[in-house]
Amino acid sequence: MKRTALLASAAVLAMTFAGTAYSETLKIAYIDPLSGSFANVGDQGLKHFVYAADLANADGGIGGMEVEIVPFDNKLNPKESLVQLQKAIDQGIRFITQGNGSSVASALIDAVEKHNRRNPDETVLFLNYAAVDPAFTNDRCSFWHFRFDADADMKMEALTDWLADQEDIKNVYILGQNYSFGKAVAAAAVRMIEEKRPDIEIVGNELHPLAQVKDFSPYVQKIMSADTDAVITGNWGPDMQLLIKAAGDAGQDIPYLTYYGGGLGAVTAMGESAVGRVKQITEFHENMDGGEAHTARMTDFEDEFGGLDYYYHRVFTLMEMLEKAVEEAGSTDPLDVANALSGMEHETVFGTVKMREDNHQLIQPMFVSTLSADVERDVEGTGFGFITDPDGRIEGEQTMTETTCSMRRPS
Amino acid sequence: METVVFSLLNGTIYGLLLFMLSSGLTLIFSMMGVLNFAHASFYMIGAYFAYTIGATTGFWVALFLAPILVAALGAIVERYGLRKVHTNGHVAELLFTFGLAYLIEEIVKIIWGKFAVPYRVPDALDFPLFQLYGTDYPAYRIFMLVVSVTMLAVLFVLLKKTRTGLIIQAALTHPHMVGHLGHNVPQIFMLVFGIGCGLAGLAGVIGGNYLVTEPGMAFNIGPIVFVVVVIGGMGSLMGAFIASILLGLTQTFAVAIDTTFAQIFGFIGLGPTTELGALSISAIAPMLPFILLVLILMVRPRGLLGEREF
Amino acid sequence: MTDTTAPGSAAAPQRPATTELGPTPAQRFTNRVLPFIVGAAVVAAIPFMDPSRTAYTLLNIIGINIVFALSYNMLLGYAGLLSFGHAVYFGLGGYAVMHTMGAIENEWGLFAYFPPFFLPVIGFLGGAFAGAVIGWPSCRRSGIPFAMISLGIAQLIFFAGLIFVSVFGGEEGISGDRTYGPEFLGIFLGPINEVYIFIAFWTVVGSALIFAFTRTPLGRMSEAVRDNPERVEFVGYDPQTIRYMVFIASGGFAGLAGGMAAVNFEIFTPEALSLIPSGIVLLMAYIGGIRYFAGPILGAILLTLGQSSLSDFSEAWLLYLGILFIAVVMYAPSGLAGMIVAFARGATSPGAFGRLARWAAMSGGAALMLAGTIVLVEVLIRRSNGFGEVFEPYGYPLPHDSVMTWVIAIVPLAAGFAIIRALAPKDDA
C-alpha cells in the first residue's frame, strides 16, 4: 500500500513542535521491527494489518471512521519502542498493536499502564497480536492490554491434549531457547505432560543459548541416544531452521512438535527433510477450510502482496472484534472500547472465540498440523504446506489455563 | 562415548571452517596491522555469490568462481578504500572496516532481500556417507573437511615454496624491511588482502549451505573469528590453525556437556537451586571463546604462537 | 639580542608589562566557562518554546547520549584507548539505578528517603566500581589488545546479562517506576517535561564535570599517554596507572548516563550492555570529532536524531549511517567538529573568498552525489522488497524499470563526483 505516504506523513507530524493532532480517522499504531534483522517478520505483520484495515474500510470503516495503520519501527528494541509509543501518542493515536518480541511487549505494557495512570484523559489501548509470554495475562496483566494469540501455556495445553491421545509416544525430549519464553515452554510441557500422561517419560529437558548455536547435531545426537519418540520445542527463527536441518541430515524420523515451524522462512530453510515430521500448534494454517469467502480472501491477499502467505488470521479476528467493540460502546474512547472487548464473544469461520474478562486473553480453537507435500496451498512456494492432523482440532475451552491476574480496573 | 566421537568430528569440521575464515584475517592482520572487521562480511558475500552463481551454473562452478570474485572485490576495497585511510593510522583503518561491515550487510539486504535464501547443499553431495552409532553422517561435512585441508595444504605450499610466498612470509613479520628491500609493498598488501578475502569467500561458499545464508550471518560468526586470530597470535598461521581447532572443539564439546556448576563446585557449598549453581556448561557455551580471549590477552598478549606483540 | 618586549618589531604581539604566557582571565572565561553558561541557558530556555512530548523524549535521549559520548571520548580522544565495550559501564550503572529505584519503591531502610533526582549519582558509583574491577587487567596495554579485551568483556557481560536473570532481568530486563520517593525541589518525575528538567540538569553537570576532568593534571597526562607512553614513563608517571584512573572516571560518567537513562525509560534490558550500543557511541564520538571536546556532543545530537527520525523517512537508515561513517573516516577524520573548525579558520584567514567558493562548489557536488545515492538506494530497496512499491519523492514516481530513474540516479552521482575530484586539492598517490 502507500507505505511511503504513511511513513512520510508520520515523519512530518513527528518533526513539528506542535501539540497533539486531532484525527478523524481511527488510527492504529503498529510498533514492530521494520528494519534490522527482524524487518521481514515486522513487515509481514504490517501487511496483514493494512489488508485487514482495507477490508474494514471497504465495509464502511469502524464506527463510521476510516481505519488507518500507522507503522513505527522499533528495531526490536524495548527502549526504542517506548520512543515510538510517545510519537504515536503525540500524533493522537489511541490504539497500538505489537507482536514480535515479548521483551518489547513487556516494556509497552508497563509504559501504557504508567501513561494511562498519569494521563487519564488520554488513555491508550494495547492490542497484542503475537507476544506470547504467559505473564502478560497473569502476573503482568493490565486492563489496557488484550492478547489475541494463545499464550505459550495455552499452546502447550493444546499440544499436550493432542499428545495425550498418541499411544505410541512414550519418550519425549524438550528442547528450547534459554530465555523467558523457552523456559516457560519447558516448564509448561513438564507440568502438563505429568498431568495428562504420567506414563510418558521426559528423557531430556534442555535449553540452548538463544540464536547462538550454529550446529544442532550434538543436540540431535543426544535426542537420538535418549531413544526419543517425539521432540517438543518452542524454537523460532534460525534456531528452528537449523534444528530441523540437523535432524534431517542425521536421518532422524521422529515428529517435532513446534510452535513456530510454519514461521516466516522456516519451511524454505528446512526443505524436504521437514515433511511429515514437523508439526505446529497454531490457530490457523492455509489449508483449513473456512469457506469460499475465506479462500477468496486468502488468494486476494497473496496476489496483493506478491505471494506473501496469509498467516496471521488472528489479525483479522482482532480487527473484527475491535469493530464490534466500537459499535457496542458507541465510541472510540479506549476505556469504553476496553470495557466492550472484555468478555466479548465473536463468531469466526473456524468457531466461536471469546475474550476472557478476567485476564484479557482471547480463547480460540487451536490446531495441530503437520507439514505435507500433498497440499492445496503451499508455504512460500516450496510445494509443502500444513494439513491439520486427524485429531488435531483442540477446542478453545480445552486450552484455557488458570490465571493469577488481578488487574487494576479504572474506576 | 558417542557424544565424544560426534563432538570430535563436528568440532573439527567447525574448527576448520573457522580456520578458513581466520587464516585470511591473520594474513591481513599480521601484514597490515588492520583488524578487518568486515572479514566476516566477505564470508557472507561468498555465500551469496555462490548462491546466485550456483543457481545458473551449478555448485561446482560457483565453488571455483565465487571466491575469485570475492578476492577481486577485496582487492578493490583495499586499493580504493583502505589505502586512503592507511595514512590516518590503525584506529582509522579499524573504524573503516567497522563501517564497511555495516555497509555490506545493508547492501546485501538490498540486493538479496532480508530473508534467508535457500542456498542448498548440492544434490551430488546430499547423502549420508556412513552411519555412526545409528545416526547418518552427511557426506557434505566430509566434503567440507576435504576442502579445508586442501586449502590449508595449498596455502602452505604457496607460502613456503613460491617466491611470492617467501616475500609474504617476510612481510608478515618484518613489513618495513621488506619495503626497504625494494618490493612493492602496497601491491603485496593488495594481493594479500585480496587473497584473505578470497579465503573468507571460499569459507562462505562451503559454509553458507551448511549453516543458514542470511544477512545476519556475518555478525553471528564475526566475533568468534577475531577471538581465533587474537588467541592464535600475530603473524602465525599455525597459531590460527591451533586456535581454530581449539575453539571449534571447545564450543562443540561445551554444548554437549550438561554438568551444572553446582555439580562441579558442590564441594564448596554451591547449591543446585541457586542461579549460579543451576547453570550448566552448555548454557555458558557462547561465553567460552570470550573468556579464553580475555585470559590470553591478560596472560600472554602475543597469543599462542605469535611472533611479535601488537 | 633583541629585547623581546621592544615595540615596533613587526610581528610582536602586544604584551603587558609582565610576561603573560597563558591565556588571559578573559580568554579563560570565554573558552572554558562561557560555553557552559550558554549551553545551560539554551537548555533552560527550551521548555519555554512549548515542545511536544515527542520533542521532549528526543531531547532527553540526546541529553543521555551527550553524557555517554563525552564519557567515551575521555577514553578514545583523550587517552587514546579504543573500546568496543563502553556500554557495559553505561549498563551496569543503569542496572544499579534500576535496583535502587526498586528499593525506593519498596522502601527498604534508608532508601525510602533517597530522592530519585539524585539517582544518577548511584549510576556514577556503579559505573566507576565496574570500571575499577574490570579496568585493572584491561589497562595493561593500549591499542588493539585493549580494544579486543573490551570486545571480549562486552560479549561476556552481555551473555551474563541474559543468563543471570535475577540481576539483569533476562530478555525482559528490569522495570521500575521513578515516581516514588521524596521529591527534590518539588520536581515530580512523572510527566515528561519534569523529567526533562532532571535530564537537563545532569547533562550540564555531567558535561561540566567531564570538561573539568580533562583539565586536571590527570586529564592532561592521559593525553600524554595517548601520544607517547614511553616518554610519560621517563617523566615519572606510570602509564598503566593513568589509564586505569581515566578508565574508572570514564566508567563512572558512563554509569551516570546509564542512571539518567534508567530514570528516563524506567526499563533496562541486557541488550543495553551489548556491542550494539557500544558501537553506536563509538560512531557518535568519532563522527562528532574525537579531538575536540564538543565533538562527541555534536555526534550525539546528530546520531540520536538520525536513529529515531531517519527511520521514519527511509528503511535504509542504517545504510546511510554506514556511508556517513565511512565518509567521515576516509575524508574527514577529525569529524564534524573538525570540519567546523577548519571552516572557521578557512573563512577568517587570507584567501577566504576563493577558498569558501571552492568549498561551496564541493558541497554542491557532495549534495548532488547524495541525491543520486538516495535515489539509487531507495529504488533498489523497493525493487528488492518485491511488493510493487514505487519510490515517489515529492510525488514524482520513479519506478525501477524506467530509464529515467536510472538517469536521475547516476547522473548527479557522476557529476557530483567529477566536481569534487576536479576541485579537491591534489595530493600524491
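Is there a residue in the stretch A:239-254 that is polar (S, T, N, Q) and farther than 30 Å from A:GLN44 by Cα?
yes
Only residues that are of a type in the set (A, V, I, L, M) and buried (at least 16 other Cβ atoms within 10 Å of the Cβ): list them for the stretch C:219-247, please.
C:MET221, C:ALA224, C:VAL225, C:VAL232, C:ILE242, C:MET245, C:VAL246
Could you list, in sequence order, all residues of the stretch C:182-203 that are open to solvent by 40 Å² or more (accessible area, probe 1.4 Å) and away from every other protein chain (no Cβ under 14 Å)?
Scanning the stretch C:182-203 gives C:PRO182, C:GLU183, C:PHE184, C:LEU185, C:GLY186, C:ILE197, C:PHE201.
Given the condition within 14 Å of chain A (Cβ to nearest Cβ), open to solvent by 40 Å² or more (accessible area, probe 1.4 Å) and part of a helix (DSSP H, G or I), answer yes or no: does some residue in the stretch B:50-58 qualify?
Scanning the stretch B:50-58, I find at least one residue that is within 14 Å of chain A (Cβ to nearest Cβ), open to solvent by 40 Å² or more (accessible area, probe 1.4 Å) and part of a helix (DSSP H, G or I), so the answer is yes.
For the stretch B:107-127, which positions are under 17 Å from A:THR382 (Cα atoms), open to solvent by less than 60 Å² (accessible area, probe 1.4 Å) and either within 7 Å of another protein chain (Cβ to nearest Cβ) or free of Cβ contacts under 8 Å to residues at least 60 places away in the same chain (or both)?
B:ALA116, B:PRO118
Where residues in the stretch A:273-304 are in contact with a strand residue (DSSP E or B) (Cβ under 9 Å, 6 or more places away or on another chain) and among the small types (Gly, Ala, Ser), which of them is surrounded by the most Cβ atoms within 10 Å (Cβ to Cβ)?
So the residue we want is A:ALA274.
Restricting attention to the stretch C:89-103, report how many residues are surrounded by fewer than 22 Cβ atoms within 10 Å (Cβ to Cβ) and touching a residue at least 12 places away in the same chain (Cβ under 8 Å).
2
Condition check ((1) within 20 Å of the chain's Cα centre (by Cα); (2) of a type in the set (D, E, K, R)) across all residues:
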{"position": "A:HIS285", "(1), (2)": "yes, no"}
{"position": "A:ALA293", "(1), (2)": "no, no"}
{"position": "A:ASP303", "(1), (2)": "no, yes"}
{"position": "A:LEU318", "(1), (2)": "yes, no"}
{"position": "A:THR332", "(1), (2)": "no, no"}
{"position": "A:VAL337", "(1), (2)": "no, no"}
{"position": "A:LEU341", "(1), (2)": "yes, no"}
{"position": "A:ALA373", "(1), (2)": "no, no"}
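Within the stretch A:234-248, does at least one residue satisfy the condition of being in a helix (DSSP H, G or I) and more than 29 Å from A:PHE284 (Cα to Cα)? Before the answer, list the steps.
Kept after step one, since they are in a helix (DSSP H, G or I), are these residues of the stretch A:234-248: A:238-248.
Narrowing further to those that are more than 29 Å from A:PHE284 (Cα to Cα): none.
There is no residue in the stretch A:234-248 that is in a helix (DSSP H, G or I) and more than 29 Å from A:PHE284 (Cα to Cα).
Tell me the residue from A:GLU320, A:GLU397 that is part of a helix (DSSP H, G or I), farther than 25 Å from A:ILE62 by Cβ and open to solvent by 30 Å² or more (accessible area, probe 1.4 Å), please.
Numbers: A:GLU320 fails: farther than 25 Å from A:ILE62 by Cβ.
Residue meeting the stated conditions: A:GLU397.
Kindly state which helices (runs of 4 or more DSSP H) lie completely within the stretch A:1-107 and contain at least 3 residues that are at pLDDT below 80. Explain how you work it out, then say what you get.
Numbers: elements: A:3-15, A:39-58, A:78-90.
Because the criterion is at least 3 residues that are at pLDDT below 80, the helices (runs of 4 or more DSSP H) in the stretch A:1-107 that meet it are A:3-15.
Are any of the residues in the stretch B:81-94 closer than 19 Å to B:TRP112 by Cα and in a helix (DSSP H, G or I)?
Taking the stretch B:81-94 first, the residues closer than 19 Å to B:TRP112 by Cα are none.
No, that holds for no residue.
For the stretch C:34-65, how many residues are among the aromatic types (Phe, Trp, Tyr) and either within 12 Å of another protein chain (Cβ to nearest Cβ) or without any contact (Cβ under 8 Å) to a residue 40 or more places away in the chain (or both)?
Going through the stretch C:34-65 one residue at a time, the tally reaches 2.
Of all residues in the stretch C:128-147, which are buried (at least 18 other Cβ atoms within 10 Å of the Cβ) and of a type in the set (D, E, K, R)?
Once the filter is applied, which keeps residues that are buried (at least 18 other Cβ atoms within 10 Å of the Cβ) and of a type in the set (D, E, K, R), the stretch C:128-147 yields only C:ARG141.
Can you name every residue in the stretch C:344-356 that is of a type outside the set (Lys, Arg) and either farther than 16 Å from C:ALA424 by Cβ or under 16 Å from the mean Cα position of the chain (by Cα) (or both)?
C:ALA344, C:ALA347, C:THR348, C:SER349, C:PRO350, C:GLY351, C:ALA352, C:PHE353
Residues are listed down the side, and each one gets a yes or a no for (1) charged (D, E, K, R); (2) assigned to a helix (DSSP H, G or I); (3) more than 14 Å from chain B (Cβ to nearest Cβ):
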residue: C:PHE84; (1), (2), (3): no, no, no
residue: C:LEU92; (1), (2), (3): no, yes, yes
residue: C:MET98; (1), (2), (3): no, yes, yes
residue: C:ILE144; (1), (2), (3): no, yes, no
residue: C:LEU156; (1), (2), (3): no, yes, no
residue: C:GLU171; (1), (2), (3): yes, yes, yes
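Given the criteria among the hydrophobic types (A, V, I, L, M, F, W, C) and either at pLDDT below 85 or in contact with a Phe, Trp or Tyr (Cβ under 6 Å, 6 or more places away or on another chain) (or both), does A:VAL190 qualify?
No.
Scan the helices (runs of 4 or more DSSP H) fully inside the stretch B:199-278 and keep the ones with 1 or more residues being under 23 Å from B:LEU155 (Cα atoms) and within 14 Å of chain A (Cβ to nearest Cβ).
Ranges flagged: B:217-232, B:237-256.
Take C:LEU125 and decide whether it is away from chain B (no Cβ under 14 Å), open to solvent by less than 30 Å² (accessible area, probe 1.4 Å) and not small (Gly, Ala, Ser).
Spelling it out, it is not the case that C:LEU125 is away from chain B (no Cβ under 14 Å), open to solvent by less than 30 Å² (accessible area, probe 1.4 Å) and not small (Gly, Ala, Ser).
Tell me, yes or no, whether the stretch B:151-160 has at least one residue that is within 14 Å of chain A (Cβ to nearest Cβ) and open to solvent by 60 Å² or more (accessible area, probe 1.4 Å). Show your work before the answer.
Of the stretch B:151-160, the ones within 14 Å of chain A (Cβ to nearest Cβ) are none.
There is no residue in the stretch B:151-160 that is within 14 Å of chain A (Cβ to nearest Cβ) and open to solvent by 60 Å² or more (accessible area, probe 1.4 Å).
Can you tell me which residue is most open to solvent (accessible area, probe 1.4 Å) among those in the stretch C:4-29 that are modelled with pLDDT under 80 and β-branched (Val, Ile, Thr)?
Only one residue tops the list, namely C:THR4.
Report the residue count in the stretch C:286-316 for those that are more than 14 Å from chain A (Cβ to nearest Cβ) and either outside any helix (DSSP H, G or I) or hydroxyl-bearing (Ser, Thr, Tyr) (or both). So that I can check it myself, show each step before the final result.
Filtering the stretch C:286-316 down to residues more than 14 Å from chain A (Cβ to nearest Cβ) leaves C:286-302.
Now narrow it down to the ones that are either outside any helix (DSSP H, G or I) or hydroxyl-bearing (Ser, Thr, Tyr) (or both): C:286, C:289-294.
Number satisfying all stated conditions: 7.
Counting just the residues of the stretch B:34-49 that are open to solvent by less than 10 Å² (accessible area, probe 1.4 Å) and not in a helix (DSSP H, G or I), which one comes out nearest to B:GLU106 (Cα to Cα)?
B:ALA38
Surrounded by fewer than 20 Cβ atoms within 10 Å (Cβ to Cβ) and either more than 7 Å from chain B (Cβ to nearest Cβ) or not hydroxyl-bearing (Ser, Thr, Tyr) (or both), is that true of C:ARG178?
Values: surrounded by fewer than 20 Cβ atoms within 10 Å (Cβ to Cβ): no; either more than 7 Å from chain B (Cβ to nearest Cβ) or not hydroxyl-bearing (Ser, Thr, Tyr) (or both): yes.
No: the conditions fail for C:ARG178.
If a residue has to be more than 8 Å from every other protein chain (Cβ to nearest Cβ) and buried (at least 24 other Cβ atoms within 10 Å of the Cβ) to count, how many in the stretch A:73-87 make the cut? Steps first, please.
Filtering the stretch A:73-87 down to residues more than 8 Å from every other protein chain (Cβ to nearest Cβ) leaves A:74, A:76, A:81, A:84-85.
With buried (at least 24 other Cβ atoms within 10 Å of the Cβ) added as a condition, the list becomes A:74, A:81, A:84-85.
Total satisfying the criteria: 4.
Restricting attention to the stretch B:188-196, does a residue exist that is within 14 Å of chain A (Cβ to nearest Cβ) and buried (at least 18 other Cβ atoms within 10 Å of the Cβ)?
no
Quick check on my filter: what residues within the stretch C:111-158 are among the aromatic types (Phe, Trp, Tyr), more than 21 Å from the chain's Cα centre (by Cα) and within 30 Å of C:PRO182 (Cβ to Cβ)?
Result: C:PHE111, C:TYR113, C:PHE114, C:PHE117, C:PHE118, C:PHE129.
For the stretch C:294-333, name all the residues that are modelled with pLDDT under 80 and of a type in the set (Gly, Ala, Ser).
Within the stretch C:294-333, C:SER308, C:SER309, C:SER311, C:SER314, C:ALA316 qualify.
The values are calculated or read from the model by the stated rules, or taken from the named source; none is laboratory data. Not measured: the values here are computed from a predicted model. All Cβ positions, glycine included, derive from the backbone under ideal geometry; neighbour counts span all protein chains shown. Remember, those area values only see protein heavy atoms, side chains included, never the ligands or the DNA or RNA. Shrake-Rupley method; radii C 1.70, N 1.55, O 1.52, S 1.80 Å.
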